[in-house]
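Trainee: Take a look at the following structure, please.
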Amino acid sequence: MIKLMPGYVEDVAAWQARLEDLAAKGWFYVPSWILFRFDSFERGRPKTVRYRLEPAAKKEGCPDWERRETYRALGWEYVDTIGKTMHLWRCDDPEAPELHTDPETEARAYDRFSRQERISRYLSWGILALFAGLLAFALYVSGGTYFAYLVGSWQPLWYLAAGVSFFGTSFFMARWQTRVLRRTLRTMRAGVEAPRRRPYRLACGLALVMDLLWVFYVIALGYNGVHSSRRTFRPISYYLTYYDESVPYVEVSQDGEVVASPQENWLTSEQWWTIEDYTEGRRYYRYSEALYYRLRFPSLADDLADSLLAQYGDDYAVTETEYPGLDGVWTGAAVDGDQYMLLRLGDQVWSVEADTDAPLADLLPQYAAAMAEARQG
């Protein structure tokens with residue numbers, strides 16, 4: 001039978017209390033691989049026993065035979081070494097003395113954990129500083145286009161929630177357990193015996209939450225990887241027929257087929273990529289390609305428009321113009337004749353490229369009407 005244990009074995013008092021309470025119910029720990037903070041227990045006759053955890057020395061897989069014999073003479077039996085960090089001892093004799101009676105000496109056994117904790121803390125801050133530096137560098141070299149890339153990537157809200165929840169809970173739990181260890185060591189270093197037991201239900205609950213969030217994150221990672229590596233375009237009539245969902249679109253040519261693909265991103269409540277094209281024999285023609293965004297945070301609409309303009313400004317010589325009912329309009333044309341138009345209305349941003357002889361700006365009434373309708377809907 002497997003039982004849930006507190007998150008970290010370094011939470012000595014919680015682990016000892018949990019093991020002793022399970023033994024009182026007839027469940028006794030047996031050596032096993034720790035999987036998702038679940039350990040193996042075998043059924044036996046309920047009785048009162050004591051469990052004690054003792055820090056293992058560096059690269060010490062198990063206690064030497066001399067120490068085992070010494071502890072056995074005191075009434076303690078070696079059970080297991082958990083996570084290569086803690087030796088677990090068990091005593092069935094209530095009259096047997098404790099393994100350690102000098103708190104200051106016992107505290108010195110934890111010196112390695114204290115050093116590791118300090119190194120981990122400095123390393124964590126170093127990693128955070130490195131990521132912050134890399135992000136700043138990416139923003140610098142992108143020339144203002146990074147935000148458009150971020151909004152246009154496949155990053156659903158549920159995927160973001162999975163990652164933030166898992167890493168946030170992991171960080172909180174690690175810091176919480178570190179504080180527990182520090183408090184215990186301060187007590188022992190002051191010459192006071194640290195509590196052998198402490199409440200463990202919260203620690204077990206957090207361990208279970210972290211396990212579930214880990215599973216959720218792994219599933220989300222795989223699912224997100226599959227969807228971000230491919231995109232399915234379907235005729236726009238498909239979404240209206242099967243999902244009762246209209247696609248924002250203005251037809252540039254009357255000859256092509258219009259296909260669309262939705263995109264999920266935590267920064268947008270709605271996002272579409274539409275293409276109008278047709279095939280004649282072996283020749284393929286693309287009339288237009290449009291990216292429609294409806295931002296979850298309207299205040300970011302200007303930033304997205306600026307970022308999209310940064311992507312196309314040099315090639316299309318984009319200039320700003322005005323049109324009634326729209327908050328912003330930018331138009332431009334490339335050397336090869338392709339035209340570009342960017343529109344913004346409230347929380348909506350629409351980026352359009354087209355290969356057409358007619359001025360793309362002539363379609364501004366249709367685009368403005370489509371954005372106004374979407375805004376009201």
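Trainee: For V151, are the conditions met, namely being on the phi < 0 side of the Ramachandran plot, touching a Leu at 6+ places or on another chain (Cβ under 9 Å) and of a type outside the set (S, T, Y)?
Mentor: Details: on the phi < 0 side of the Ramachandran plot: yes; touching a Leu at 6+ places or on another chain (Cβ under 9 Å): yes; of a type outside the set (S, T, Y): yes.
Taking the combined requirement at face value, the residue satisfies it.
Trainee: Sticking with this one: Restricting to the range 94-117, and then to whatever is surrounded by 11 or more Cβ atoms within 10 Å (Cβ to Cβ) and farther than 21 Å from E193 by Cα, can you tell me which residue is farthest from the chain's Cα centre (by Cα)? Talk me through it step by step, then tell me what you get.
Mentor: In the first step, residues of the range 94-117 are kept if they are surrounded by 11 or more Cβ atoms within 10 Å (Cβ to Cβ); the result is 96-100, 102-104, 106-114, 116-117.
Adding the requirement that they be farther than 21 Å from E193 by Cα leaves 116-117.
Details: Q116: 25, E117: 23 Å.
So, considering only residues that are surrounded by 11 or more Cβ atoms within 10 Å (Cβ to Cβ) and farther than 21 Å from E193 by Cα, the one farthest from the chain's Cα centre (by Cα) is Q116.
Trainee: In addition: Considering only residues that are modelled with pLDDT of 80 or more and small (G, A, S), look in the range 211-236 and name the one that is least open to solvent (accessible area, probe 1.4 Å).
Mentor: A220
Trainee: In contact (Cβ under 8 Å) with a residue 60 or more places away in the chain and in a helix (DSSP H, G or I): is that true of L150 in this structure?
Mentor: yes
Trainee: So, one more: Every residue in the range 333-344 that is within 19 Å of D277 (Cα to Cα) and either in contact with a Lys or Arg (Cβ under 6 Å, 6 or more places away or on another chain) or surrounded by 22 or more Cβ atoms within 10 Å (Cβ to Cβ) (or both), please.
Mentor: Selection gives Y340, M341.
Trainee: Something else now. Cβ-Cβ under 8 Å, sequence separation 6+ or interchain: first residue in the range 179-202 and acidic (D, E), partner surrounded by 12 or more Cβ atoms within 10 Å (Cβ to Cβ). Which pairs?
Mentor: Pairs that qualify, where the first residue is acidic (D, E) and the partner is surrounded by 12 or more Cβ atoms within 10 Å (Cβ to Cβ), are E193/P103; E193/T187.
Trainee: Kindly indicate which of F28, F41 is of a type outside the set (G, A, S) and within 33 Å of the chain's Cα centre (by Cα).
Mentor: F41
Trainee: Residues being open to solvent by 60 Å² or more (accessible area, probe 1.4 Å) and assigned to a loop (DSSP other than H, G, I, E, B): count how many of those fall in the range 345-377.
Mentor: 4
Trainee: Determine whether P6 is open to solvent by less than 40 Å² (accessible area, probe 1.4 Å) and of a type outside the set (K, R).
Mentor: For P6, the condition - open to solvent by less than 40 Å² (accessible area, probe 1.4 Å) and of a type outside the set (K, R) - is met.
Trainee: Just to be sure before I move on: is D338 acidic (D, E) and either touching a helix residue (DSSP H, G or I) at 6+ places or on another chain (Cβ under 9 Å) or closer than 20 Å to S307 by Cβ (or both) in the structure I sent?
Mentor: Answer is yes for this residue.
Trainee: Go through (1) among the charged types (D, E, K, R); (2) open to solvent by 70 Å² or more (accessible area, probe 1.4 Å); (3) modelled with pLDDT of 85 or more; (4) in a strand (DSSP E or B) and name the single condition D306 misses.
Mentor: For D306, the exception is condition (4).
Trainee: Scan the range 37-53 and report the pairs whose first residue is surrounded by fewer than 10 Cβ atoms within 10 Å (Cβ to Cβ) and whose second residue is assigned to a loop (DSSP other than H, G, I, E, B), with Cβ atoms within less than 9 Å and a gap of 6+ or a chain change.
Mentor: Hits for this filter: R45/G26; T48/D92; T48/P94.
Trainee: Would you please name the residue that is most open to solvent (accessible area, probe 1.4 Å), looking only at residues in the range 176-210 that are assigned to a helix (DSSP H, G or I) and in contact with a strand residue (DSSP E or B) (Cβ under 8 Å, 6 or more places away or on another chain)?
Mentor: Among those that are assigned to a helix (DSSP H, G or I) and in contact with a strand residue (DSSP E or B) (Cβ under 8 Å, 6 or more places away or on another chain), it is L208.
Trainee: Take S170 and tell me if it is out of contact with any Lys or Arg (no Cβ under 9 Å at 6 or more places or on another chain), of a type in the set (S, T, N, Q) and either crowded, with 18+ Cβ neighbours inside 10 Å or within 30 Å of T356 (Cβ to Cβ) (or both).
Mentor: Taking the combined requirement at face value, the residue does not satisfy it.
Trainee: Exactly one condition in (1) in a helix (DSSP H, G or I); (2) free of Cβ contacts under 8 Å to residues at least 40 places away in the same chain is not met by G337; state its number.
Mentor: Against the list (1) in a helix (DSSP H, G or I); (2) free of Cβ contacts under 8 Å to residues at least 40 places away in the same chain, G337 comes up short only on (1).
Trainee: Output the qualifying pairs, or none if there are none: Cβ atoms under 8 angstrom, residues six or more apart or on different chains, first residue in the range 230-248 and within 26 Å of L345 (Cα to Cα), second residue aromatic (F, W, Y) and part of a helix (DSSP H, G or I).
Mentor: Going by the 8 Å Cβ cut-off, the qualifying pairs are E245/Y239; S246/Y239; V247/Y239.
Trainee: Are there any pairs with C-beta distances below 8 angstrom linking a residue in the range 109-135 that is modelled with pLDDT of 80 or more to a residue that is loosely packed, with under 10 Cβ neighbours inside 10 Å, with the two at least 6 apart or on different chains, and if so which?
Mentor: R112/K58
Trainee: Name the residue that is modelled with the lowest pLDDT, counting only residues in the range 54-93 that are assigned to a strand (DSSP E or B) and either open to solvent by 70 Å² or more (accessible area, probe 1.4 Å) or in contact with a helix residue (DSSP H, G or I) (Cβ under 7 Å, 6 or more places away or on another chain) (or both).
Mentor: P55
Trainee: In addition: Condition check: touching a residue at least 60 places away in the same chain (Cβ under 8 Å) and either part of a strand (DSSP E or B) or buried (at least 19 other Cβ atoms within 10 Å of the Cβ) (or both). Does A23 satisfy that?
Mentor: It is false that A23 is touching a residue at least 60 places away in the same chain (Cβ under 8 Å) and either part of a strand (DSSP E or B) or buried (at least 19 other Cβ atoms within 10 Å of the Cβ) (or both).
The values are calculated or read from the model by the stated rules, or taken from the named source; none is laboratory data. Predicted model only: the values in this text are computed from it and were never measured. No Cβ is skipped: glycine too gets one built from the backbone with ideal geometry, and neighbour counts run over all protein chains shown. When the accessible area is computed, the model is the full protein with side chains, heavy atoms only, and any ligands, DNA or RNA have been set aside. Shrake-Rupley method; radii C 1.70, N 1.55, O 1.52, S 1.80 Å.
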